[in-house]
Structure formats: structure tokens, C-alpha cells
1. Given the pairs Lys274/Lys308; Lys274/Lys374; Lys74/Lys362; Lys225/Lys331, which are separated by over 24 angstrom at their Cα positions?
2. How much net charge surrounds Ala166 when only the other residues with a Cβ under 9 Å from the Cβ of Ala166 are counted, with Lys and Arg +1 and Asp and Glu -1?
3. Step through the residues of region 343-356 one at a time and calculate ³J(HN,Hα) from phi using the Karplus curve (6.51 cos²θ - 1.76 cosθ + 1.60, θ = phi - 60°), rounding each to whole Hz and writing x for Gly and Pro.
4. What is the local net charge at Ile393, summed over the other residues whose Cβ is closer than 10 Å to its Cβ (Lys, Arg +1; Asp, Glu -1)?
5. For a footprinting-style exposure proxy, rank Thr319, Thr79 by other Cβ within 10 Å, fewest first.
6. Using Cα-Cα distances under 8 Å and only pairs 6 or more residues apart, what relative contact order does the chain have, in percent?
7. Which value at 222 nm does the chain reach when only helices count, each DSSP H run of 4 or more adding -39,500 (n - 2.57), with the total divided by all residues and rounded to the nearest 500 deg cm²/dmol?
8. Return the tail of the calculated pair distribution for region 61-143, meaning the percent of Cα-Cα pairs more than 16 Å apart.
Amino acid sequence: MRSKAKPSDLSLGTPLAGVDRDIDMLVDRFDAARRRSVRRLVSTSPRLADLAISFPAAVYALASRQGAQRRRQKALQLTIEGAPLRDVAVALDLPLWLRRLPPEAFAGRFGALPRSDLFARRIANHLPTSAEDSAFWLRSVIFGVQACDDYFALWLAQQAVFMEPADPAHLFGLLAAYAWFSNFDQSRTHGLIVVPWRPEMALDTAACAAKSWLNRMRLVLQLRKGVLTDPWLEPGEARGYTFVPLLDHSAILAEAHAMQNCADQYADRLARDKCRLFSVRRRGTRIATLEIGPHPREAGVLAISQLKARHNLPASTETWQASHAWLGSQKDLKRMTNGAAPERPFDADAWNALIAAYRLRKDGAPWLPDHPSKETFAAVESGIAELARRAGITSWLFT
């Protein structure tokens, strides 16, 4: 840092003459609401002008009066005296890794900044490549620590999804909760995660796993025992196969786990009476999962929509023949509807129990719905869907 200024130069009321054009250009890169304060500050001393170049975050903190006044006064004094940047950072209670970010990164209050040694060592490899993206990037990284931990924030910092500003809580809230519960394995909520998050995971895998987890929670909240009572078709046997209706979340989760399929993703379709699921078994062993839905061409007639073996592989010819025989044995294949989806509300008590541990450790986690409903879950889904759009994820989960 250059300067022959003395501590008495600390008065911010009298600007020095001849502020560099480069400094003017630098000031114009700060948040518009703070430019006047930044300009006044850096014009009082060449060393404060240098600070705007070498540590924009520190100048922004001073200009926006963040932190205690005594800390700001100490930082000003240290800067005028030519102290190392580390000492200025300590005085302002700022992590030193912030000095790598451009002036465009800072707006509003800093909030709770990541401070661990782990974060400071690794974040330098994941800084934003564009100054225009840096403000959203920084807010997202701060949210990542707040909503999960340093490992998640570091992982988030690497993703190429910061090209358009957005609300980090809306975009990453579900993903952060999913990552947190992935490492909180003593809970029922963790048990609903099929693929736990880990720092090496690709974004498309993580987003799909988080959406799958949300759908499984919806299944638990909407399809408790007794909510669905009409299987549409009579259970029974045909050609040595047994057809068992899947009407509640316990039965559906067990089927999805045993068959390694996506039956657990059908909460919305089942709750809105768009389909029914049956487990196809032979001598007690699960052979296939059967979906019954409206016939594609015959109004009011039920038909087989899907029939899949384990891992969603094609079912055998024998299984298809048994399924058609069972279907043909039904007394009635017609199902008339009035067109209105039934009201099957979400279980608020179950929701509160599922996320209680997370709320307790994350200051209430306001980025998750207070009350579960079709509307509040739709808002969460829109956030993860927007993230999928930005990342170019084309999974059927987001269609």
C-alpha cells in the first residue's frame, strides 16, 4: 500500500484532490446504493483507495457501516498505518477469503459469512468467473452454509448455475435440506432418501435425488393409511399370480424398495385419482408393479398403463398374460368420474415431525413451508425445477 497519510487524515469530511480515474471507475463497480459513501471514503486517503482495489469487501463494510463502530474505527486506523490486510480483516471481523471477490459481489448486509479454515483453503478454487455473477454467487454460498454446512456451500460454489440472479433460498432450499438430512441418519426423514448427498455428487444426480426425496415425503403426508380406500379393481389371483393393491405410503414405499422402481414417486397421481398401483406376486415373491389408469381411447374404461419388473425392466410375457387374465376376471372395468380431483390434505403433524430436527438446528428453516399443502409444495417444486432448467437437467422428474 502507498501513502504518507497520517492517522489524522481519518476525517471523512474533506476529500483529497485528484482522485485517480481508475479509482473512479472502481467506485462505479460497487453497489449503487453505496457508491457515494465509497467515493467519500476512498477520497480521504490513498491507502483507503488502495484498499478498495486489494480488499473491496473491507471498503464496502466500512462504507455501509457494517459491524460495530469501534471495529470500523480500528480498521480505518490500521489501513492508514499500512497494516497487513489480515489485520484489517480481523478488525472488521471479515474472513480474508473475501478479498478475492470483486466490488460487484457486495450488496446489502453480509450476514453470517463462512469462516472455517476448510472453507478458506478450498474456496479459492471455486470463485465466480464473472464479476456480474459474483453477487448471486456470494449470497448463494452464504445461504449454503446457513442452510446446510461448509461442505455443501463449497459444492454449491462449483456449480454453473449463477448466470441469472435469483433468491438462493428458493433455488437451493430443498437441495440444502436434502444434503443436511443425508448426513443426519438417525431419523425417519433420512430413511426417505434413496441416494444420499455427498460432496463428489454431480448436480444432476443431486437435484433428481432431492426431488425424489420431496416426492417420497409427499407420499407420507398425503397417503397415510385409510386415505385411499377404493382400489378400483378387486384384488385377486390369475394363473398363479396374486394382485395386491398398494393404497398407503407404507405399502408403496415397501414396493418401491423391493422392486427398485419409482412407485414411490406416484403420490400426486394417486392422490388426484389419476391411477392405482398393484403389486404382482407369485408365491409371495414380488414379480412386477402394475399401474391401472384410464384407457387411452375408451372413456371410463380402465386399462393397464404400465407393467414393470424389478429395476423397471420389461415384465415377462407370462406376467403380462396373468395380468390380462386378472383384468378380464373383473366384474366391471368401468369407472366414471365427475372430473373433480378429491381433496386429500397433507398431514401437518407428520410434516412437522419430519423436519423438526432441521428446523431446530437451522433457525427454523424459513425456506421450507410452515404448513404443507398443494400450494406450498408447488412453490418448493418450482425452485428445484428452476435449478434443473438452469443446469440443463432433463429427467422425467421435472416434466
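1. Lys74/Lys362; Lys225/Lys331
2. Local net charge: -2.
3. These are the phi-based 3J(HN,Hα) values: 8, 10, x, 6, 7, 5, 5, 5, 4, 4, 5, 5, 10, 4 Hz.
4. +2
5. The most exposed by this proxy come first: Thr319, Thr79.
6. Computed value for the chain: 11 percent relative contact order.
7. About -13500 deg cm²/dmol.
8. Value for region 61-143 (Cα pairs over 16 Å): 55 percent.
Each value in this text was obtained by applying a stated rule to the coordinates, not by laboratory testing. As the structure is a prediction and not an experimental result, all values here were calculated from the model. Positions of Cβ are generated from backbone atoms using ideal geometry, with glycine treated the same way; all protein chains shown enter the neighbour counts.
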